[in-house]
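The values are calculated or read from the model by the stated rules, or taken from the named source; none is laboratory data. None of these values were measured; they are calculated from a predicted model. Cβ coordinates were reconstructed from backbone atoms using ideal geometry, including for glycine residues, and neighbour counts include every protein chain displayed. Surface areas here come from the heavy atoms of the whole protein model, side chains and all, with no ligands, DNA or RNA. Shrake-Rupley method; radii C 1.70, N 1.55, O 1.52, S 1.80 Å.
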Amino acid sequence: MSRTRLLVVGDVAWDIFIRPQRPLVSGSDVLGTVDMMPGGAAANVAVWARRLGADARLVGKVGDDPLGELMCAHLRAEAAAGDLICVAGGLTTRVGILVSADGEHSFVIDHTKILLFEEGDVPTSLLDGVDAVFFNGYDIYLAGSAAFLTPVLGEARRRHIPVAFDPSSFTLIEAYGAERLLGDVCPLDVLIANEDETRALAGGSGASALTAHASLVVVKRGRDGAAAYGNGVWTREPSTPLAAVDTTGAGDAFDAAFLVEWLESGDVDAALKAGNRLGAYVASHLGAQPAMAPPRV
């Protein structure tokens with residue numbers, strides 16, 4: 001079987017993890033750990049798709065600063081750096097992540113130095129030879145528009161190339177406007193969102209209503225597993241047991257595993273299982289791209 005070819009468009013960042021041993025004290029110090037690890041939701045998807053055997057082309061932006069050089073070296077080692085855009089004078093994105101004792105996280109994105117996508121950054125020629133396109137919401141929200149994606153999404157639909165989207169953040173969906181977002185990026189073949197993002201997109205209508213915008217709606221439910229709705233049928237899979245260390249990037253790993261399995265087999269149930277397993281693996285480690293790759297799921 002030939003390798004699945006996935007075009008991934010979106011953010012590349014360094015994650016700076018702050019894990020205090022006890023609650024923070026205003027104006028004073030606590031002990032803990034501070035780690036810097038490669039991340040960015042799109043980069044996470046591309047790296048895991050590669051590790052799962054897919055041919056993933058990542059389109060993202062880094063600066064020509066030392067952190068950009070480090071990121072390029074890392075992604076070259078992961079065979080996922082071929083379509084990175086290096087911005088002269090730019091600063092590679094950093095994300096501050098406060099990790100609580102239960103592994104949950106809160107993010108701070110430095111919006112003052114974001115490397116914004118612009119029209120022309122994602123040419124339609126990138127679709128040549130690919131089996132599917134995946135993108136997420138972060139760069140749309142930061143750019144204030146999905147215009148940089150419009151040509152490639154339109155051409156993908158014309159070529160009947162499946163389009164998958166993860167909206168990334170319920171607070172940013174609400175700030176951008178759910179109706180506006182759906183109008184900008186739909187129709188979709190696959191919409192993958194967690195429960196909060198699903199509620200933000202669907203309002204009071206429920207996840208099944210989102211099939212007006214996507215042929216298959218996948219809902220990531222954390223400790224309760226995942227579910228998918230398509231062709232009038234719900235498919236549900238329980239979670240994989242885990243001891244959560246850090247949930248950062250677990251949803252991105254789910255996206256990668258789900259898409260690779262779904263594109264290869266067309267089996268939604270198997271894809272949900274694959275997503276749950278890999279998401280649990282990542283959540284049981286610190287960072288979005290744990291160095292020791294798991295067995296193929």
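For this structure, a couple of remarks:
- Single unsatisfied condition, residue 223 versus (1) at pLDDT below 95; (2) out of contact with any Ser or Thr (no Cβ under 7 Å at 6 or more places or on another chain); (3) not small (Gly, Ala, Ser): (2)
- Scanning region 178-210 for residues that are open to solvent by 20 Å² or more (accessible area, probe 1.4 Å), over 24 Å from residue 125 (Cα atoms) and not in a helix (DSSP H, G or I) yields 194, 203, 204, 205, 206.
- Per the listing 147, 101, the residue uniquely in contact with a helix residue (DSSP H, G or I) (Cβ under 9 Å, 6 or more places away or on another chain), assigned to a loop (DSSP other than H, G, I, E, B) and without any contact (Cβ under 8 Å) to a residue 60 or more places away in the chain is 147.
- Every residue from region 53-69 that is open to solvent by 10 Å² or more (accessible area, probe 1.4 Å) and without any contact (Cβ under 8 Å) to a residue 40 or more places away in the chain: 64, 65, 66, 69
- Condition met for residue 121 (out of contact with any helix residue (DSSP H, G or I) (no Cβ under 6 Å at 6 or more places or on another chain), charged (D, E, K, R), in a loop (DSSP other than H, G, I, E, B) and open to solvent by 20 Å² or more (accessible area, probe 1.4 Å)): yes
- Restricting attention to region 2-16, the residues that are at pLDDT 90 or above, surrounded by fewer than 22 Cβ atoms within 10 Å (Cβ to Cβ) and either of a type outside the set (Lys, Arg) or not in a strand (DSSP E or B) (or both) total 3.
- Filter result for the condition that a residue is among the charged types (D, E, K, R), modelled with pLDDT of 95 or more and open to solvent by 10 Å² or more (accessible area, probe 1.4 Å), over 50, 94: 50
- Qualifying residue in region 278-293 (condition: of a type outside the set (Phe, Trp, Tyr), part of a strand (DSSP E or B), free of Cβ contacts under 8 Å to residues at least 60 places away in the same chain and crowded, with 18+ Cβ neighbours inside 10 Å): no
- For region 264-277, a residue qualifies if it is of a type in the set (A, V, I, L, M, F, W, C), crowded, with 24+ Cβ neighbours inside 10 Å and touching a strand residue (DSSP E or B) at 6+ places or on another chain (Cβ under 9 Å), and the qualifying residues are 271, 272.
- For region 247-271, the set of residues classified as under 16 Å from the mean Cα position of the chain (by Cα) and assigned to a loop (DSSP other than H, G, I, E, B) consists of 247, 248, 249, listed by residue number.
- One residue stands out among those in region 211-246 that are part of a helix (DSSP H, G or I) and closer than 30 Å to residue 98 by Cβ: the one that is most open to solvent (accessible area, probe 1.4 Å), which is 223.
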